[in-house]
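A short worksheet on the structure shown next.
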Amino acid sequence: MFIRSIPELRETVQEVLAHQPITDIHTHLYSPNMGNLLLWGVDELLTYHYLVAEVMRWSDISPHEFYSWPKQHQADYIWQVLFLNHSPLSEAQRGVLTTLQGLGFDLEDRDLNKYRAALTQSTAIEHVERVLRLAHIDHIVMTNDPFDSLERAFWQAGGKPNPRFHAALRIDPLVRAYGQAVPQLRALGYDVDDDAGERSIEGVRRFLHDWIARMNPLYMAASLPPTFRFPDYTPEATILRRCVLPACREAGIPFAMMIGAERLVNPALGPAGDGVGWADLSSVAYLAREYPDTKFLVTALSRENQHELIVLARKFRNVMVFGCWWFLNNPVIIDEMTRMRVEMLGLSFIPQHSDARVLDQLIYKWAHFKAILSDVLVDQYTALLQAGWRLERAEIERDVADLLCNNFWRFVGKSV
């Protein structure tokens with residue numbers, strides 16, 4: 001069926017986006033059988049660290065006092081200050097409203113206790129199914145940290161996540177602060193030394209081998225600082241070169257690099273205190289060039305890095321650009337980044353991931369993003385029609401499936 005007009009094109013794109021199942025390639029969510037690790041509900045939604053940082057701008061209380069309160073008290077305070085005392089115009093604030101509306105609540109009454117009570121009537125698994133259906137998500141990739149004692153217990157007991165939840169092996173301590181990982185590795189029975197010598201290489205390799213076998217991850221991942229450099233002579237660079245990259249190659253999985261997070265710029269804010277910095281992406285070019293048999297999923301946190309990252313992806317097919325991460329998850333920046341990527345990479349990238357830490361956030365993160373992606377695609381397809389190019393609905397369905405699902409699965413070499 002050929003598309004003949006711009007109104008027909010817009011309607012078609014919106015329909016296709018509404019019905020395309022999504023693979024969310026990077027979240028901080030957990031399978032419902034992993035207990036309290038999975039965060040969900042109104043209080044978790046309102047106390048997300050984005051909103052904690054925003055409420056502190058209006059507040060005279062200290063972060064220490066705020067964090068000493070019970071979670072429900074924190075949520076009540078944020079609701080009062082950010083939603084009732086002031087209009088909720090920020091993206092994080094608007095996201096809460098989109099989520100509550102998506103869950104079927106009447107926002108005119110502004111009754112937080114009513115919303116809270118309604119959600120507590122569901123079990124975790126019931127709520128997971130509801131949210132995934134509303135967000136139209138069929139697969140979720142978690143962030144799984146073997147250095148976290150609570151999560152580690154699940155895997156060591158032989159736990160298996162829900163089939164819709166897939167593991168990603170997170171290894172930040174190994175490549176950000178190796179010295180901090182040493183005591184934990186030793187406690188887990190791995191013989192390592194303090195300076196990433198030969199004992200450490202063998203011990204870390206065995207650690208990675210064991211956890212890849214235990215989790216069956218789709219990729220290995222680390223959040224890296226703006227100062228990340230490779231090659232280098234640090235213990236962290238040694239571990240990356242001699243342990244992490246070989247383990248990825250042997251397991252046939254990509255290494256995901258999320259570059260640009262400045263940890264605890266304001267330590268008093270705790271999880272809300274991280275910042276952003278511009279990164280030198282020449283390290284990415286080096287890795288892609290010198291390790292052509294290794295695949296790299298890459299996202300950068302600084303807006304100033306986006307053009308350079310896209311150019312690198314044009315040069316190296318083993319680099320897959322993904323998502324609008326963290327501080328970039330704002331409509332004005334998402335629109336700019338997505339247009340730039342389409343103009344320079346066509347459809348050969350992964351446009352978004354939710355980075356959700358609270359299950360309910362999936363509703364707003366994907367609803368807001370699909371509205372932007374719809375506008376971007378309509379503009380690009382309009383240019384094709386104006387050039388005299390024939391356009392069919394099936395082609396749009398193919399393109400959207402690639403962006404929201406298939407590009408990732410092809411890159412990791414798996415099928416669903």
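The values are calculated or read from the model by the stated rules, or taken from the named source; none is laboratory data. Just so it is clear, the structure is predicted and the values come from calculations on it, not from any experiment. Cβ coordinates were reconstructed from backbone atoms using ideal geometry, including for glycine residues, and neighbour counts include every protein chain displayed.
The listed residues are A181, A177, A117, A153, and the only one of them that is more than 24 Å from the chain's Cα centre (by Cα) and over 21 Å from A356 (Cα atoms) turns out to be A117. Of all the criteria given as (1) surrounded by 13 or more Cβ atoms within 10 Å (Cβ to Cβ); (2) closer than 17 Å to L362 by Cβ, the one not satisfied by P88 is (2).
Of the candidates T47, T12, T23, the single residue that is closer than 20 Å to P161 by Cβ and either out of contact with any His (no Cβ under 9 Å at 6 or more places or on another chain) or surrounded by 17 or more Cβ atoms within 10 Å (Cβ to Cβ) (or both) is T23. Taking each residue of segment 166-189 that is buried (at least 23 other Cβ atoms within 10 Å of the Cβ) and looking for partners that are in a helix (DSSP H, G or I) and of a type in the set (D, E) with beta-carbon atoms closer than 7 Å, six or more apart or interchain, yields V175/E236; Y178/E236. Being without any contact (Cβ under 8 Å) to a residue 60 or more places away in the chain, more than 21 Å from L362 (Cβ to Cβ) and in a loop (DSSP other than H, G, I, E, B) is a condition met by at least one residue of segment 94-106. Picking from residues in segment 195-217 that are among the charged types (D, E, K, R) and touching a residue at least 24 places away in the same chain (Cβ under 8 Å), the one that is farthest from F154 (Cα to Cα) is D195. Comparison of V321, V358 shows that the only residue that is under 16 Å from the mean Cα position of the chain (by Cα) and assigned to a strand (DSSP E or B) is V321. Going through (1) of a type outside the set (F, W, Y); (2) modelled with pLDDT under 95; (3) in contact with a helix residue (DSSP H, G or I) (Cβ under 6 Å, 6 or more places away or on another chain) one by one, K414 falls short only on (3). Scan segment 164-181 for residues that are out of contact with any Pro (no Cβ under 9 Å at 6 or more places or on another chain) and either closer than 15 Å to P217 by Cβ or in a helix (DSSP H, G or I) (or both) and the total you get is 4. One residue stands out among those in segment 113-160 that are assigned to a helix (DSSP H, G or I) and of a type in the set (D, E): the one that is nearest to I363 (Cα to Cα), which is E129. Here A401, A371, A356 are screened, and the one residue that is in contact (Cβ under 8 Å) with a residue 60 or more places away in the chain and either under 19 Å from V96 (Cα atoms) or in contact with a helix residue (DSSP H, G or I) (Cβ under 8 Å, 6 or more places away or on another chain) (or both) is A356. For segment 377-393, a residue qualifies if it is crowded, with 21+ Cβ neighbours inside 10 Å and of a type in the set (A, V, I, L, M), and exactly one does: L377.
Scanning segment 278-299 for residues that are in contact with a Pro (Cβ under 9 Å, 6 or more places away or on another chain) and charged (D, E, K, R) turns up D280, E290, K295.
For segment 229-285, filtering for residues that are outside any helix (DSSP H, G or I), at negative phi and not hydrophobic (A, V, I, L, M, F, W, C) leaves 14.
In segment 82-93, the qualifying residues are those that are in contact with a Phe, Trp or Tyr (Cβ under 9 Å, 6 or more places away or on another chain) and assigned to a loop (DSSP other than H, G, I, E, B), and the one that is farthest from H368 (Cα to Cα) is N85.
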